[in-house]
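Q: Could you have a look at this structure, given as C-alpha coordinates, before my questions?
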Amino acid sequence: MVTKTEETELISLENQVDNGGGGAWEYLCLVRKLKVRRSEKVVKHGLSILNDAKKRSSLGPDDWTLYEQVAVAAMDCQSLGVAKDCIKVLQKRFPESKRVGRLEAMLLEAKGSWQEAEEAYASLLEDNSLDQVIHKRKVALAKAQGNISGAIESLNKYLEIFMADHEAWRELAEIYVSLQMYKQAAFCYEELILSQPTIPLYHLAYADVLYTLGGLENLQNAKKYYASAIDLTGGKNTRALFGICLCSSAIAQLTKGKNREDKEGSQLQSLAAIALEKDYKQRAPGNLPLLTSALRSLTLSP
Amino acid sequence: MGIGVVVGVLGVLILFHAAYSTIQYRGLLKIMEEEFSGPPMNVVLELLLGLVLSMWAGLTVPGNFLSIHPDSEENRIVSLPANLDFMIFNHRGRVFPLEMNVKLKN
(Lines give C-alpha, C1' and ligand atoms only; values in the text may rest on other atoms or scores of the structure.)
Protein backbone atom coordinates (compact mmCIF):
# COMPACT_ATOMS: atom_id res chain seq x y z
CA MET A 1 0.00 0.00 0.00
CA VAL A 2 1.30 3.42 -0.91
CA THR A 3 0.73 6.06 1.73
CA LYS A 4 0.87 9.79 1.16
CA THR A 5 4.34 10.17 2.69
CA GLU A 6 5.71 7.33 0.62
CA GLU A 7 4.19 8.81 -2.51
CA THR A 8 5.87 12.17 -1.95
CA GLU A 9 9.13 10.40 -1.20
CA LEU A 10 8.86 8.40 -4.42
CA ILE A 11 8.13 11.47 -6.51
CA SER A 12 11.00 13.49 -5.09
CA LEU A 13 13.41 10.58 -5.44
CA GLU A 14 12.26 10.02 -9.01
CA ASN A 15 12.91 13.67 -9.88
CA GLN A 16 16.31 13.48 -8.26
CA VAL A 17 17.28 10.32 -10.15
CA ASP A 18 15.97 11.58 -13.47
CA ASN A 19 18.00 14.75 -13.18
CA GLY A 20 21.16 12.80 -12.48
CA GLY A 21 21.24 13.50 -8.77
CA GLY A 22 22.16 9.97 -7.76
CA GLY A 23 20.25 7.68 -5.46
CA ALA A 24 19.30 5.24 -8.20
CA TRP A 25 19.59 2.21 -5.95
CA GLU A 26 17.39 3.79 -3.27
CA TYR A 27 14.86 4.62 -5.97
CA LEU A 28 14.84 1.04 -7.27
CA CYS A 29 14.44 -0.29 -3.72
CA LEU A 30 11.50 2.03 -3.14
CA VAL A 31 9.89 0.98 -6.42
CA ARG A 32 10.24 -2.63 -5.38
CA LYS A 33 8.91 -2.00 -1.89
CA LEU A 34 5.87 -0.04 -3.02
CA LYS A 35 5.26 -2.41 -5.96
CA VAL A 36 4.66 0.39 -8.43
CA ARG A 37 5.01 -0.17 -12.13
CA ARG A 38 7.75 2.12 -13.44
CA SER A 39 9.25 -0.33 -15.87
CA GLU A 40 10.89 2.16 -18.20
CA LYS A 41 12.72 3.95 -15.42
CA VAL A 42 13.66 0.70 -13.72
CA VAL A 43 15.26 -0.55 -16.94
CA LYS A 44 17.13 2.69 -17.48
CA HIS A 45 18.50 3.19 -13.98
CA GLY A 46 18.85 -0.50 -13.23
CA LEU A 47 21.02 -1.03 -16.29
CA SER A 48 23.17 1.95 -15.41
CA ILE A 49 23.93 0.27 -12.08
CA LEU A 50 24.39 -3.20 -13.53
CA ASN A 51 26.74 -2.00 -16.27
CA ASP A 52 28.95 -0.22 -13.76
CA ALA A 53 31.09 -2.94 -12.21
CA LYS A 54 32.04 -0.80 -9.22
CA LYS A 55 28.47 0.15 -8.39
CA ARG A 56 27.28 -3.40 -8.85
CA SER A 57 29.86 -4.91 -6.58
CA SER A 58 29.02 -2.36 -3.89
CA LEU A 59 25.52 -3.84 -3.71
CA GLY A 60 26.83 -7.19 -2.57
CA PRO A 61 24.33 -10.05 -2.86
CA ASP A 62 21.49 -7.61 -3.57
CA ASP A 63 22.51 -7.37 -7.20
CA TRP A 64 20.71 -10.64 -8.01
CA THR A 65 17.45 -9.04 -6.89
CA LEU A 66 18.24 -6.16 -9.16
CA TYR A 67 18.84 -8.49 -12.10
CA GLU A 68 15.41 -9.99 -11.52
CA GLN A 69 13.76 -6.60 -11.19
CA VAL A 70 15.37 -5.30 -14.37
CA ALA A 71 14.48 -8.49 -16.24
CA VAL A 72 10.78 -8.17 -15.43
CA ALA A 73 10.79 -4.45 -16.20
CA ALA A 74 12.54 -5.07 -19.52
CA MET A 75 9.90 -7.62 -20.46
CA ASP A 76 7.29 -5.01 -19.65
CA CYS A 77 9.05 -2.59 -22.01
CA GLN A 78 9.49 -5.22 -24.71
CA SER A 79 13.30 -4.95 -24.60
CA LEU A 80 13.54 -8.69 -24.75
CA GLY A 81 17.28 -8.65 -25.40
CA VAL A 82 18.00 -7.03 -22.05
CA ALA A 83 15.58 -9.38 -20.28
CA LYS A 84 17.25 -12.38 -21.89
CA ASP A 85 20.73 -11.25 -20.84
CA CYS A 86 19.62 -10.69 -17.24
CA ILE A 87 17.97 -14.10 -17.07
CA LYS A 88 21.09 -15.69 -18.54
CA VAL A 89 23.23 -14.20 -15.77
CA LEU A 90 20.77 -15.43 -13.14
CA GLN A 91 20.60 -18.84 -14.76
CA LYS A 92 24.37 -19.16 -14.57
CA ARG A 93 24.38 -18.29 -10.89
CA PHE A 94 21.28 -20.27 -9.82
CA PRO A 95 20.96 -23.17 -12.28
CA GLU A 96 18.26 -25.10 -10.41
CA SER A 97 16.16 -22.19 -9.19
CA LYS A 98 12.39 -22.20 -9.64
CA ARG A 99 12.39 -18.44 -9.50
CA VAL A 100 14.63 -18.22 -12.55
CA GLY A 101 12.48 -20.84 -14.25
CA ARG A 102 9.52 -18.58 -13.67
CA LEU A 103 11.38 -15.67 -15.24
CA GLU A 104 12.12 -17.80 -18.30
CA ALA A 105 8.47 -18.69 -18.62
CA MET A 106 7.59 -15.02 -18.31
CA LEU A 107 10.02 -14.27 -21.12
CA LEU A 108 8.14 -16.76 -23.30
CA GLU A 109 4.97 -14.94 -22.32
CA ALA A 110 6.46 -11.59 -23.30
CA LYS A 111 7.48 -13.04 -26.65
CA GLY A 112 3.90 -14.11 -27.20
CA SER A 113 4.56 -17.85 -27.41
CA TRP A 114 1.58 -18.70 -25.25
CA GLN A 115 1.67 -22.44 -25.77
CA GLU A 116 5.28 -22.78 -24.68
CA ALA A 117 4.78 -20.50 -21.70
CA GLU A 118 1.83 -22.57 -20.58
CA GLU A 119 3.88 -25.75 -20.83
CA ALA A 120 6.69 -24.13 -18.84
CA TYR A 121 4.27 -23.11 -16.09
CA ALA A 122 2.73 -26.56 -16.07
CA SER A 123 6.12 -28.20 -15.61
CA LEU A 124 6.96 -25.75 -12.82
CA LEU A 125 3.66 -26.59 -11.12
CA GLU A 126 4.46 -30.28 -11.28
CA ASP A 127 7.36 -29.71 -8.92
CA ASN A 128 5.42 -27.52 -6.55
CA SER A 129 1.70 -27.48 -7.14
CA LEU A 130 1.08 -24.87 -4.43
CA ASP A 131 3.24 -22.12 -5.89
CA GLN A 132 0.96 -19.10 -5.64
CA VAL A 133 2.88 -16.88 -8.02
CA ILE A 134 2.79 -19.45 -10.81
CA HIS A 135 -0.95 -19.96 -10.38
CA LYS A 136 -1.34 -16.22 -10.69
CA ARG A 137 0.86 -16.14 -13.77
CA LYS A 138 -1.41 -18.71 -15.37
CA VAL A 139 -4.36 -16.43 -14.75
CA ALA A 140 -2.44 -13.54 -16.29
CA LEU A 141 -1.55 -15.74 -19.23
CA ALA A 142 -5.21 -16.46 -19.91
CA LYS A 143 -5.98 -12.77 -19.58
CA ALA A 144 -3.20 -11.82 -21.98
CA GLN A 145 -4.59 -14.19 -24.58
CA GLY A 146 -7.96 -12.50 -24.29
CA ASN A 147 -9.49 -15.55 -22.67
CA ILE A 148 -11.22 -13.60 -19.90
CA SER A 149 -13.71 -16.31 -18.96
CA GLY A 150 -10.85 -18.77 -18.61
CA ALA A 151 -9.01 -16.29 -16.42
CA ILE A 152 -12.07 -15.90 -14.20
CA GLU A 153 -12.48 -19.63 -13.93
CA SER A 154 -8.90 -20.30 -12.92
CA LEU A 155 -8.88 -17.31 -10.58
CA ASN A 156 -11.97 -18.66 -8.84
CA LYS A 157 -10.30 -22.03 -8.52
CA TYR A 158 -7.21 -20.36 -7.11
CA LEU A 159 -9.26 -18.37 -4.60
CA GLU A 160 -10.91 -21.53 -3.34
CA ILE A 161 -7.49 -22.66 -2.16
CA PHE A 162 -5.90 -19.33 -1.21
CA MET A 163 -8.81 -17.35 0.17
CA ALA A 164 -6.66 -14.84 2.04
CA ASP A 165 -4.92 -13.55 -1.06
CA HIS A 166 -6.34 -10.07 -1.34
CA GLU A 167 -4.41 -9.22 -4.48
CA ALA A 168 -6.20 -12.03 -6.26
CA TRP A 169 -9.56 -10.84 -4.94
CA ARG A 170 -8.76 -7.40 -6.25
CA GLU A 171 -7.79 -8.75 -9.64
CA LEU A 172 -11.02 -10.73 -9.82
CA ALA A 173 -13.02 -7.66 -8.86
CA GLU A 174 -11.33 -5.60 -11.55
CA ILE A 175 -11.96 -8.26 -14.18
CA TYR A 176 -15.63 -8.41 -13.21
CA VAL A 177 -15.89 -4.63 -13.38
CA SER A 178 -14.32 -4.66 -16.83
CA LEU A 179 -16.99 -7.15 -17.91
CA GLN A 180 -19.72 -5.06 -16.24
CA MET A 181 -20.60 -7.96 -13.92
CA TYR A 182 -21.16 -5.62 -11.01
CA LYS A 183 -22.90 -8.02 -8.64
CA GLN A 184 -19.92 -10.38 -8.68
CA ALA A 185 -17.50 -7.46 -8.41
CA ALA A 186 -19.41 -6.19 -5.37
CA PHE A 187 -18.95 -9.58 -3.72
CA CYS A 188 -15.19 -9.41 -4.30
CA TYR A 189 -14.97 -5.92 -2.88
CA GLU A 190 -16.95 -7.03 0.18
CA GLU A 191 -14.35 -9.72 0.67
CA LEU A 192 -11.57 -7.14 0.36
CA ILE A 193 -13.19 -4.78 2.85
CA LEU A 194 -13.55 -7.67 5.28
CA SER A 195 -9.90 -8.59 5.02
CA GLN A 196 -8.51 -5.05 5.07
CA PRO A 197 -11.10 -2.73 6.55
CA THR A 198 -8.79 0.26 6.97
CA ILE A 199 -8.03 0.82 3.31
CA PRO A 200 -10.29 3.59 2.04
CA LEU A 201 -9.77 2.71 -1.62
CA TYR A 202 -11.67 -0.56 -1.26
CA HIS A 203 -14.58 1.24 0.37
CA LEU A 204 -14.48 3.71 -2.49
CA ALA A 205 -14.41 1.03 -5.18
CA TYR A 206 -17.24 -0.88 -3.47
CA ALA A 207 -19.31 2.28 -3.30
CA ASP A 208 -18.62 2.94 -6.98
CA VAL A 209 -19.87 -0.52 -7.88
CA LEU A 210 -22.99 -0.14 -5.75
CA TYR A 211 -23.72 3.27 -7.25
CA THR A 212 -23.37 1.82 -10.72
CA LEU A 213 -25.77 -1.00 -9.85
CA GLY A 214 -28.40 1.57 -8.90
CA GLY A 215 -31.61 1.08 -7.01
CA LEU A 216 -32.57 2.81 -3.77
CA GLU A 217 -31.03 0.33 -1.38
CA ASN A 218 -27.76 0.10 -3.28
CA LEU A 219 -27.54 3.87 -3.51
CA GLN A 220 -28.04 4.24 0.21
CA ASN A 221 -25.35 1.66 0.88
CA ALA A 222 -23.06 3.36 -1.62
CA LYS A 223 -23.50 6.60 0.26
CA LYS A 224 -22.54 4.89 3.50
CA TYR A 225 -19.40 3.50 1.97
CA TYR A 226 -18.47 6.84 0.43
CA ALA A 227 -18.92 8.29 3.90
CA SER A 228 -16.64 5.66 5.40
CA ALA A 229 -14.04 6.41 2.74
CA ILE A 230 -14.24 10.08 3.72
CA ASP A 231 -13.92 9.06 7.35
CA LEU A 232 -10.78 7.03 6.68
CA THR A 233 -9.10 9.68 4.54
CA GLY A 234 -10.04 12.66 6.65
CA GLY A 235 -12.04 14.19 3.80
CA LYS A 236 -9.04 14.37 1.47
CA ASN A 237 -10.49 12.05 -1.16
CA THR A 238 -12.20 14.12 -3.84
CA ARG A 239 -13.86 11.14 -5.49
CA ALA A 240 -15.61 10.15 -2.28
CA LEU A 241 -16.91 13.70 -1.81
CA PHE A 242 -18.29 13.72 -5.34
CA GLY A 243 -19.79 10.30 -4.67
CA ILE A 244 -21.72 11.62 -1.69
CA CYS A 245 -23.15 14.44 -3.81
CA LEU A 246 -24.13 12.12 -6.66
CA CYS A 247 -25.68 9.52 -4.36
CA SER A 248 -27.65 12.12 -2.44
CA SER A 249 -29.10 13.63 -5.57
CA ALA A 250 -29.91 10.21 -7.03
CA ILE A 251 -31.64 9.16 -3.81
CA ALA A 252 -33.57 12.43 -3.73
CA GLN A 253 -34.71 11.77 -7.28
CA LEU A 254 -35.88 8.26 -6.46
CA THR A 255 -37.77 9.24 -3.31
CA LYS A 256 -39.29 12.38 -4.83
CA GLY A 257 -42.78 10.90 -5.02
CA LYS A 258 -42.85 9.83 -1.41
CA ASN A 259 -42.83 12.98 0.65
CA ARG A 260 -40.41 11.58 3.16
CA GLU A 261 -38.15 14.44 4.11
CA ASP A 262 -34.60 13.19 4.31
CA LYS A 263 -33.02 16.02 6.18
CA GLU A 264 -29.85 14.20 7.04
CA GLY A 265 -29.16 13.37 3.43
CA SER A 266 -29.39 16.93 2.20
CA GLN A 267 -27.24 18.08 5.08
CA LEU A 268 -24.56 15.54 4.17
CA GLN A 269 -24.71 16.65 0.56
CA SER A 270 -24.25 20.32 1.39
CA LEU A 271 -21.38 19.47 3.72
CA ALA A 272 -19.67 17.47 0.98
CA ALA A 273 -20.25 20.32 -1.47
CA ILE A 274 -18.69 22.81 0.94
CA ALA A 275 -15.68 20.54 1.42
CA LEU A 276 -15.31 20.18 -2.35
CA GLU A 277 -15.50 23.92 -2.91
CA LYS A 278 -12.88 24.53 -0.24
CA ASP A 279 -10.60 21.91 -1.76
CA TYR A 280 -10.97 23.32 -5.28
CA LYS A 281 -10.37 26.86 -4.07
CA GLN A 282 -7.13 25.71 -2.54
CA ARG A 283 -5.78 23.42 -5.23
CA ALA A 284 -7.42 24.31 -8.56
CA PRO A 285 -8.97 27.78 -8.44
CA GLY A 286 -9.32 27.78 -12.22
CA ASN A 287 -11.83 24.94 -12.16
CA LEU A 288 -14.00 26.39 -9.43
CA PRO A 289 -16.72 27.75 -11.79
CA LEU A 290 -17.01 24.29 -13.38
CA LEU A 291 -17.48 22.74 -9.95
CA THR A 292 -20.10 25.21 -8.79
CA SER A 293 -22.16 24.76 -11.95
CA ALA A 294 -21.94 20.98 -11.67
CA LEU A 295 -22.99 21.05 -8.02
CA ARG A 296 -25.86 23.42 -8.81
CA SER A 297 -27.17 21.14 -11.53
CA LEU A 298 -27.07 18.27 -9.00
CA THR A 299 -29.11 20.14 -6.40
CA LEU A 300 -31.56 21.63 -8.90
CA SER A 301 -32.36 18.43 -10.77
CA PRO A 302 -34.72 16.78 -8.25
CA MET B 1 19.85 10.95 22.13
CA GLY B 2 22.93 11.54 24.28
CA ILE B 3 21.17 14.03 26.52
CA GLY B 4 18.18 11.74 26.89
CA VAL B 5 20.33 8.83 28.09
CA VAL B 6 22.20 11.05 30.57
CA VAL B 7 18.95 12.41 31.96
CA GLY B 8 17.53 8.89 32.24
CA VAL B 9 20.59 7.65 34.14
CA LEU B 10 20.38 10.71 36.41
CA GLY B 11 16.71 10.00 37.10
CA VAL B 12 17.39 6.38 38.03
CA LEU B 13 20.29 7.45 40.26
CA ILE B 14 18.02 9.92 42.05
CA LEU B 15 15.46 7.15 42.57
CA PHE B 16 18.19 4.94 44.07
CA HIS B 17 19.26 7.76 46.33
CA ALA B 18 15.69 8.19 47.49
CA ALA B 19 15.54 4.48 48.35
CA TYR B 20 18.82 4.76 50.24
CA SER B 21 17.59 7.81 52.17
CA THR B 22 14.39 6.00 53.12
CA ILE B 23 16.32 3.06 54.54
CA GLN B 24 18.54 5.44 56.46
CA TYR B 25 15.54 7.32 57.78
CA ARG B 26 13.92 4.12 59.02
CA GLY B 27 17.14 3.16 60.76
CA LEU B 28 17.16 6.58 62.42
CA LEU B 29 13.55 6.12 63.52
CA LYS B 30 14.42 2.77 65.11
CA ILE B 31 17.24 4.34 67.09
CA MET B 32 15.07 7.25 68.25
CA GLU B 33 12.16 4.84 68.92
CA GLU B 34 9.60 6.97 67.11
CA GLU B 35 6.59 5.85 65.06
CA PHE B 36 6.79 6.07 61.25
CA SER B 37 4.33 8.77 60.22
CA GLY B 38 5.44 9.52 56.66
CA PRO B 39 8.50 9.82 54.44
CA PRO B 40 10.70 12.86 54.93
CA MET B 41 10.41 15.85 52.64
CA ASN B 42 13.68 15.31 50.75
CA VAL B 43 12.71 11.73 49.81
CA VAL B 44 9.36 12.88 48.42
CA LEU B 45 11.06 15.61 46.38
CA GLU B 46 13.64 13.16 45.07
CA LEU B 47 10.97 10.69 44.09
CA LEU B 48 9.02 13.31 42.16
CA LEU B 49 12.15 14.61 40.41
CA GLY B 50 13.28 11.08 39.56
CA LEU B 51 9.85 10.25 38.18
CA VAL B 52 9.80 13.31 35.93
CA LEU B 53 13.35 12.78 34.65
CA SER B 54 12.97 9.06 33.95
CA MET B 55 9.63 9.58 32.28
CA TRP B 56 11.01 12.30 30.03
CA ALA B 57 13.95 10.08 29.10
CA GLY B 58 11.70 7.07 28.52
CA LEU B 59 9.55 9.07 26.11
CA THR B 60 12.35 10.71 24.13
CA VAL B 61 15.10 8.08 23.88
CA PRO B 62 13.28 5.23 22.00
CA GLY B 63 12.25 7.50 19.12
CA ASN B 64 9.37 9.57 17.87
CA PHE B 65 5.75 8.64 18.17
CA LEU B 66 4.06 7.25 15.08
CA SER B 67 0.63 8.43 14.07
CA ILE B 68 -2.25 6.03 14.58
CA HIS B 69 -4.84 8.12 12.77
CA PRO B 70 -5.92 6.51 9.52
CA ASP B 71 -6.14 9.94 7.88
CA SER B 72 -2.67 11.19 8.80
CA GLU B 73 -0.12 11.68 6.05
CA GLU B 74 1.88 8.62 7.10
CA ASN B 75 -1.12 6.31 7.16
CA ARG B 76 -3.39 7.71 4.46
CA ILE B 77 -3.30 5.29 1.56
CA VAL B 78 -3.47 7.15 -1.73
CA SER B 79 -2.93 4.37 -4.22
CA LEU B 80 -2.93 0.61 -4.32
CA PRO B 81 0.15 -1.19 -5.56
CA ALA B 82 0.12 -2.21 -9.20
CA ASN B 83 -0.94 -5.83 -9.19
CA LEU B 84 2.43 -7.00 -10.41
CA ASP B 85 1.73 -10.71 -9.95
CA PHE B 86 -0.94 -10.41 -12.61
CA MET B 87 0.98 -8.10 -14.94
CA ILE B 88 0.58 -8.88 -18.62
CA PHE B 89 2.97 -7.91 -21.36
CA ASN B 90 0.85 -7.49 -24.45
CA HIS B 91 -0.09 -3.90 -23.89
CA ARG B 92 0.65 -0.81 -25.94
CA GLY B 93 4.29 -0.97 -24.81
CA ARG B 94 4.67 -3.49 -27.63
CA VAL B 95 3.86 -0.79 -30.17
CA PHE B 96 6.08 1.81 -28.51
CA PRO B 97 9.33 0.01 -27.80
CA LEU B 98 11.83 1.60 -25.49
CA GLU B 99 14.15 3.88 -27.42
CA MET B 100 17.29 2.87 -25.69
CA ASN B 101 20.25 1.06 -27.09
CA VAL B 102 21.85 0.11 -23.82
CA LYS B 103 22.65 -3.54 -23.46
CA LEU B 104 23.70 -5.51 -20.47
CA LYS B 105 27.48 -5.70 -20.56
CA ASN B 106 29.29 -8.61 -19.05
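The values are calculated or read from the model by the stated rules, or taken from the named source; none is laboratory data. Quick caveat: nothing in here was measured; it's all calculated off a predicted structure. Cβ atoms come from the backbone with ideal geometry, glycine included; neighbour counts cover every protein chain shown. The protein model used for the area step is the full one, side chains on, heavy atoms only, and it has no ligands, DNA or RNA in it. Shrake-Rupley method; radii C 1.70, N 1.55, O 1.52, S 1.80 Å.
Q: Taking only Cα atoms and a 10 Å spring cutoff, compute GNM fluctuations for chain A and point out the largest among A:Leu291, A:Leu155, A:Leu141.
A: Comparing A:Leu291, A:Leu155, A:Leu141 in a Gaussian network model of chain A, the most mobile one is A:Leu291.
Q: What do you get for the angle between helix A:80-93 and the principal long axis of chain A? Use alpha-carbon atoms, 0 to 90 degrees, nearest ten.
A: Here the helix axis deviates by roughly 60 degrees.
Q: Here is a follow-up. Taking only protein heavy atoms and a 1.4 Å probe, what accessible area per residue, in Å², does chain A have with all protein chains in place? Don't jump to the answer; show the numbers that get you there.
A: Numbers: 15550 Å² over 302 residues.
Averaged over the residues of chain A, the accessible area is 51 Å².
Q: Could you grab the relative contact order for region A:198-302? Cα pairs under 8 Å, six or more apart, rounded to a whole percent.
A: Working: 96 pairs, mean separation 25.0, N = 105.
So the answer I get is 24 percent.
Q: Just list whichever of A:Lys4/A:Lys98; A:Lys44/A:Lys281; A:Lys55/A:Lys236; A:Lys4/B:Lys103; A:Lys88/A:Lys157; A:Lys41/A:Lys138 have alpha carbons separated by over 32 Å in the model shown.
A: Numbers: A:Lys4/A:Lys98 36 Å; A:Lys44/A:Lys281 39 Å; A:Lys55/A:Lys236 41 Å; A:Lys4/B:Lys103 35 Å; A:Lys88/A:Lys157 34 Å; A:Lys41/A:Lys138 27 Å.
Pairs exceeding the cut-off: A:Lys4/A:Lys98; A:Lys44/A:Lys281; A:Lys55/A:Lys236; A:Lys4/B:Lys103; A:Lys88/A:Lys157.
Q: Something else: Taking a spot 7 Å from the Cα of B:Arg94 along the direction of its beta carbon, which residues of region A:61-105 have an amide N less than 19 Å from it?
A: A:72-84, A:104-105
Q: Hey, another quick one. Sum -39500 (n - 2.57) across every DSSP H segment of at least 4 residues in chain A, then divide by the residue count to get the 222 nm mean residue ellipticity, nearest 500.
A: Working: 17 runs with 238 residues, N = 302.
Taking each H run of at least 4 residues, the total per residue is -25500 deg cm²/dmol.
Q: If you roll a 1.4 angstrom probe over the protein chains with everything in place, what fraction of the accessible area of region B:39-94 belongs to carbon and sulfur, to the nearest %? Don't skip to the end; give the middle numbers.
A: Values: 2550 of 3650 Å².
After summing per-atom areas, the C and S share lands at 70 percent.
Q: If each of A:Lys54 and B:Leu13 carries a label point 7 Å out from its Cα toward its Cβ, how far apart are those two points in nm?
A: 4.9
Q: Carbon and sulfur atoms: what percent of the 1.4 Å accessible area of region A:165-302 do they account for? Numbers along the way, then the final one.
A: Details: 4120 of 7500 Å².
For region A:165-302, the apolar C and S fraction of the accessible surface comes to 55 percent.
Q: Relative contact order for chain A: what is it in percent, counting Cα pairs under 8 Å that are at least 6 residues apart? The partial results should precede the final answer.
A: Values: 272 pairs, mean separation 20.7, N = 302.
This gives 7 percent for chain A.
Q: Shape verdict for region A:85-165, please, from the Cα gyration tensor: rounded (a/c under 1.5), prolate (a/b greater than b/c) or oblate. Could the numbers behind the result be given before it?
A: Numbers: a/c = 2.55, a/b = 1.47, b/c = 1.74.
Since a/c reaches 1.5 but b/c is at least a/b, the shape of region A:85-165 is classed as oblate.
Q: Once each part is reduced to its C-alpha centroid, what is the distance from region B:1-61 to region A:52-131 in angstrom?
A: First find each Cα centre; the distance between them is then 64 Å.
Q: May I ask for the accessible area buried between chains A and B, both sides summed, probe 1.4 Å, to the nearest 100 Å²?
A: On the way: alone 17510 and 10130 Å², together 23520 Å².
Roughly 4100 Å² of accessible surface disappears when A and B pair.
Q: List the residues of region A:180-208 that lose 50 Å² or more of accessible area once all protein chains are present, compared with their chain alone (1.4 Å probe, heavy atoms only, no ligands or nucleic acids).
A: A:Leu201
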